[in-house]
Amino acid sequence: MTATYLAAMMDAETGGNQSYEFEAASDLFRKPADDIVEAFINSLDGFGDNPAPLAYELNSAVKKSEQQVVMATGSLRVEHGEIPFLLMISPAHKEEAE
């Protein structure tokens, strides 16, 4: 069974931010923070001009279970170098992801 999750990512290369909606296992928020980030990054494979698999380095990931949010920092590895990012992920319907 799957559930819908929301992610907001800010990148340092453009200063822009992007919102994403992705599907993942309904028990995703029972997993460690780095697994949650990996599920999101894997959902980006092939999205737009993104290569598959998308390479990244995770510097930190913290899960706030009570608020059902993961906050993470890291870098996407692209052809011309690295793009540092800030990321927040949460269930679209928090009551369903408990």
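The values are calculated or read from the model by the stated rules, or taken from the named source; none is laboratory data. Bear in mind that the values here come from a model prediction, so they are computed numbers and not experimental data. With ideal geometry, Cβ positions are generated from the backbone for all residues, glycine too; neighbour counts draw on all protein chains shown.
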From the options LEU87, LEU44, LEU76, LEU28, residue that is over 21 Å from THR4 (Cβ atoms), out of contact with any Asp or Glu (no Cβ under 6 Å at 6 or more places or on another chain) and touching a residue at least 24 places away in the same chain (Cβ under 8 Å): LEU76
Number of the condition not met by MET71 [criteria: (1) at pLDDT below 95; (2) in contact with a Lys or Arg (Cβ under 8 Å, 6 or more places away or on another chain)]: (1)
Failed criterion for ILE36 (all others in (1) over 10 Å from the mean Cα position of the chain (by Cα); (2) modelled with pLDDT of 95 or more hold): (1)
Total residues in the range 13-25, condition touching a strand residue (DSSP E or B) at 6+ places or on another chain (Cβ under 9 Å), surrounded by fewer than 13 Cβ atoms within 10 Å (Cβ to Cβ) and in a loop (DSSP other than H, G, I, E, B): 2
Failed item in (1) surrounded by 15 or more Cβ atoms within 10 Å (Cβ to Cβ); (2) at pLDDT below 95, with HIS80 passing the rest: (1)
Filtered residues of the range 65-77 (kept if surrounded by 13 or more Cβ atoms within 10 Å (Cβ to Cβ) and in a loop (DSSP other than H, G, I, E, B)): GLN68
